[in-house]
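What follows draws every value from the coordinates through simple rules; no lab data is involved. Note that this is a predicted model, so its numbers are computed, not measured. Cβ: placed from backbone, ideal geometry, glycine included. Neighbour counts: every protein chain shown.
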Amino acid sequence: MPKITLADLPVARGLTGYPAPYGKGCDLYEAVEIGRAGGLTQFGVGIETLLPGGLSSQRHWHENEDECLIMLEGEAVLIEDDGEHILRAGDAAAWTAGTPNGHHIVNRGDAPARYVIIGTRAATDTVHYPDIDLEYRRTEQGRGYFHKDGRAYPRAPS
């Protein structure tokens, strides 16, 4: 089994991929991708650091992907359809594919919150964003963001 030294992995900072204006607040993070570094193909594993004021993503749920989060340091607020839940080091949350429970993490504190994120790498998926006019689709023909009425958002410059 290959050893992965986290300090040797590239750190992604502030990249969201969301079309404007939905990236605001979601750019306050740092992430390292452990799964890709280890050559994993069936699921992703990473460590994310959510900076004060940051959102992990827009509130969303996946049709075809499971997700799991394990808090390592700090405190964050998990917002789901049923309300808000405080997450601290040692807490975890999991979401099953196909369950329409929009969720995301918000850092309302003044210190970074750090967590492990694990998720399926399904070949196809649709991600629903219940609070905003956004949907993400990954199909055999391609991937992209769409309005809820089916119109595509312009692709972000590479």
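Restricting 54, 23 to residues that are closer than 26 Å to residue 148 by Cβ, touching a Leu at 6+ places or on another chain (Cβ under 7 Å) and buried (at least 16 other Cβ atoms within 10 Å of the Cβ) narrows the list to 54. Applying the selection to the range 31-52, what residues are of a type in the set (Ser, Thr, Tyr) and either within 15 Å of residue 72 (Cα to Cα) or assigned to a strand (DSSP E or B) (or both)? Correct list: 49 only. For the residues 111, 93, 97, 76, the requirement of being among the aliphatic types (A, V, I, L, M) and touching a Lys or Arg at 6+ places or on another chain (Cβ under 9 Å) singles out 76. Restricting the range 73-113 to residues that are without any contact (Cβ under 8 Å) to a residue 24 or more places away in the chain and outside any loop (DSSP other than H, G, I, E, B) leaves a set whose member that is surrounded by the fewest Cβ atoms within 10 Å (Cβ to Cβ) is 83. Against the numbered list (1) without any contact (Cβ under 8 Å) to a residue 60 or more places away in the chain; (2) part of a loop (DSSP other than H, G, I, E, B); (3) of a type outside the set (D, E, K, R); (4) over 25 Å from residue 126 (Cβ atoms), residue 23 comes up short only at (4).
Note on the range 114-158: among residues that are in a strand (DSSP E or B) and of a type in the set (A, V, I, L, M), the one that is nearest to the chain's Cα centre (by Cα) is 117.
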